[in-house]
Amino acid sequence: MHSLFPLLLVGAGIAILKILVGVGIATKLKKKPAEKAESQKPTPKPQALTLALVLTGKELATVQAPTSLTLDSLVTLLEKASYFLCTPDFNTTQSQLSFEKSDIDCDSEQQHVLVTIHFEHTLPLVQGKTFRNKLEMLHFLRKGSSHFEIKTMQPLSQVSGLSKAGFIRT
């Protein structure tokens, strides 16, 4: 009987090992379809957005429209801006603003110019979402934008009313 005891222990150990290995394989097999489902999630469709900045003519001396911008160039413009707004529907906002019919005076620190920059972002912007400050806006831009393009640059006849149109004063 004493000689059978080690064999029984070895046999029981092998049986337990087979069960554990079988459970481990079954667990791995169960996880694989879930992992495939996660990797097959559709990538979000980029959302077209407009970033509107208000700068002085002098701050725009070297900028032209239309032109592409790097993130660093955009950050520089955003840092200089006195007002900004990011929206998926800029046409509605633009209708609330009044513009001068003159050219941009690149020497003027008094003339305010509205610069519209179009870009696509992989994170959707919730309708009505506003950014409280430039830092929050920069964080959003760095999370999923790669191509920025200045579409228009128009002198504003006045800056009063920009806050009512949704712009954030900086």
* **Signed unit charges on C-beta, dipole axis of segment 96-170, positive-most listed residue LEU123, SER160, PHE148** => LEU123
* **Per-bin percent of Cα-Cα distances, segment 48-99 [10 Å]** => 21, 55, 25
* Asked: Could you give the nm distance between label points at ALA61 and GLU100, where each point is 7 Å from its Cα heading toward the beta carbon?
  -> 1.7 nm
* At 7 Å along the Cα-to-beta-carbon direction for both HIS147 and ARG132, put a label point, then send me their distance in nm to one decimal. => 3.4 nm
* **log10 of Debye I(q)/I(0), alpha-carbon scatterers only, for segment 58-140 at 0.12, 0.18 Å⁻¹** => -0.41, -0.95
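Taken together, the values in this text are just the output of simple stated rules run on the coordinates, not laboratory data. This is a predicted model, so every value here is computed, not measured. Positions of Cβ are generated from backbone atoms using ideal geometry, with glycine treated the same way; all protein chains shown enter the neighbour counts.
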